[in-house]
Amino acid sequence: MKTRFPILVIISTLVILALACGSVSDLGTVSDTGRAFMDALRDGEHETSWNLLAPAVQEEIGTYNDWIDFASIRNFSKTTFSSTDVSGSEATMEGEAVLGSETYLVSLVLGKSGDAWRITGIQFTLK
């Protein structure tokens with residue numbers, strides 16, 4: 001009976017560590033996806049940014065040409081993220097982006113689909 005408690009503690013600790021490693025991995029992937037999206041906007045790589053959008057967002061936007069119209073005027077020269085939070089299959093990234101002489105607050109919402117993270121929400125607000 002006395003040996004069961006330490007074994008349960010060890011098993012519980014290993015489970016928690018395994019879950020934490022998954023969260024750390026997701027944090028990196030979310031960050032990479034958000035940065036790739038903003039870089040694609042900056043560089044005018046419309047196909048790349050379009051492909052990082054979740055299908056529901058693409059459907060809401062309309063067509064790929066509608067996306068080009070939206071994205072073409074949002075080629076931010078610099079983006080910095082101050083926070084990235086992951087909770088299960090949802091994540092948010094918040095920061096700032098510069099367009100010309102104006103600074104915008106940026107909020108990206110991401111959702112996990114299989115192993116991939118996709119943009120499920122975008123908000124740019126003039127600071």
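Please treat every number below as a calculation from the coordinates, not as lab data. Since the structure is predicted, the reported quantities are computational estimates derived from the model, not experimental observations. Reconstructed Cβ throughout: ideal geometry from the backbone, glycine too, with neighbour counts over all protein chains shown.
Quick one: grab the alpha carbon gyration tensor of region 57-102, order the square roots of its eigenvalues as a ≥ b ≥ c, and give me rounded if a/c is under 1.5, else prolate or oblate depending on whether a/b is larger than b/c. Verdict is oblate for region 57-102.
The local environment of Met93, defined by Cβ-Cβ distances under 12 Å, has a net charge of -4 under the rule Lys, Arg +1 and Asp, Glu -1. A cut-off under 13 angstrom between Cβ atoms defines the neighbours of Thr125, and their net charge, with Lys, Arg +1 and Asp, Glu -1, is -1.
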